[in-house]
Amino acid sequence: MAPLALLGLFGLQGGAFAAFTAFIVLLAGWEWGNLSGLPGRATRGVAVAVLGGAMLTLWLADLATSTAILAVGVVGWVINLWWVTGHPERQAQWSPTAVRLAMGLWVLLPTWVGFNLLRESGAVWLLFVLLVVWGADIGAYFCGRAFGRRKLAPKVSPAKSWEGVYGGMAVTASLAVAFALAHHWSPGATLLLVVLTLIVTMASVLGDLLESMLKRHRGIKDSSQLLPGHGGVMDRIDSLTAAVPCFALFFSWLVSA
């Protein structure tokens, strides 16, 4: 499905792009209903309708409150970090279904807003954040397998290691430097891009860990079987749900640097 996804992300603009990304986020919202513990298809359908209504309202308002939505999303991810690093001791704080549903709003809605703002600012920014997430995954995989010793979050995702995280950060920092050099950026702007890229890299790791924590709580391996043999949509975009809002909120600093 990668060619179809890339065609949608880079071949569409405006309302068509908003509709395409909304479709992906709504599929993820359906899966989030399961991660939240909603019983039955009808209640999950209501949750998806609420999410869709929120996106439609924002679109009709011309994304006028987009920065505020992104800020809420980043604050939400700070809360998610508190819960992930304190798992399972803090599980009682987020385990109620209502809390997990609220979590879904501050995870998924800013993701959709971030995708649209980055696309409006130029496909190069959207491509960059996607490459950062993919580079972080690739670097973490190979460095983790080769050098992984210290567990990152053994009670959430036992396979991840700090060495893998450092490998992913090395890849994404190199990507940021190459991007800045290709665009003839000043040293100050280059440093700012590297710092932001490393923050986004760590955010992408957190996105992966959050979904792992929710799936572990629900006792499931995949968020759904919407993609036979590859799990669900959330399994494919979990890192992006943290990386995209974070990058979209702060990338404007780079433009003025």
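Quick notes on this one:
- Hits in the stretch 85-134 - residues which are closer than 26 Å to MET169 by Cβ and of a type in the set (S, T, N, Q): THR85, THR111, SER121
- Filter result (surrounded by fewer than 20 Cβ atoms within 10 Å (Cβ to Cβ) and among the aliphatic types (A, V, I, L, M)) within the stretch 12-21: LEU12, ALA16, ALA19
- Flag if ALA203 is over 17 Å from ALA242 (Cβ atoms) and within 20 Å of the chain's Cα centre (by Cα): no
- Filtered residue count, the stretch 190-241, keeping only those that are among the aliphatic types (A, V, I, L, M), farther than 14 Å from GLY104 by Cβ and in contact (Cβ under 8 Å) with a residue 60 or more places away in the chain: 11
- Residues located in the stretch 190-229, provided they are at pLDDT below 95, small (Gly, Ala, Ser) and crowded, with 22+ Cβ neighbours inside 10 Å: SER223
- The C-beta contact set for the stretch 59-76 (first residue over 12 Å from PRO245 (Cβ atoms), second residue modelled with pLDDT under 90 and of a type in the set (Asp, Glu), distance under 9 angstrom, 6+ apart or interchain) comprises LEU63/GLU120.
- So VAL233, is it crowded, with 20+ Cβ neighbours inside 10 Å and under 10 Å from the mean Cα position of the chain (by Cα): no
- Of all residues making up the stretch 131-156, the number that are touching a residue at least 24 places away in the same chain (Cβ under 8 Å), part of a helix (DSSP H, G or I) and crowded, with 20+ Cβ neighbours inside 10 Å: 7
The values are calculated or read from the model by the stated rules, or taken from the named source; none is laboratory data. A quick note: this is a predicted structure, and the numbers were derived from the prediction, not measured. When we count neighbours, we look across all protein chains shown, and the Cβ atoms used for this are built from the backbone with ideal geometry, even at glycine.
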